[in-house]
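**Q** Take this structure first; my questions come after.
The values are calculated or read from the model by the stated rules, or taken from the named source; none is laboratory data. Predicted model only: the values in this text are computed from it and were never measured. Note: ideal-geometry Cβ built from the backbone for every residue, glycine included; neighbour counts use all protein chains shown. Just so you know, the surface numbers come from the protein's heavy atoms only, side chains and all, with ligands and any DNA or RNA stripped out. Shrake-Rupley method; radii C 1.70, N 1.55, O 1.52, S 1.80 Å.
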Amino acid sequence: MSVHMWYCDSCKAETGHEVREQGHHDPAVRAKATPPADTHSDSTECTCTACANVQWVDPVDIFHLDVHDFGD
């Protein structure tokens, strides 16, 4: 599991999100929740460290800091 800074849609804070992958071989990194039915199989579970809101995102987007870190 890793933590990335992210803008949370729920608590509106720029805060840490625990990032987990759906199919990861390591239980510590594997997603804890079941994604919504319309979620792509490559989507990653991001859990806000402030309010525990879960967002499912494209893993490529996690590293696009200019787009996602500041809620733009």
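**Q** Any chance you could count how many residues in region 28-42 are β-branched (V, I, T) and either within 12 Å of the chain's Cα centre (by Cα) or open to solvent by less than 100 Å² (accessible area, probe 1.4 Å) (or both)?
**A** Adding up the residues that qualify gives 2.
**Q** Right, another one. Step by step: first the residues of region 51-72, then only those that are assigned to a loop (DSSP other than H, G, I, E, B) and either modelled with pLDDT under 75 or touching a strand residue (DSSP E or B) at 6+ places or on another chain (Cβ under 8 Å) (or both), then the one that is surrounded by the fewest Cβ atoms within 10 Å (Cβ to Cβ). Which residue is that?
**A** The selected residue is D72.
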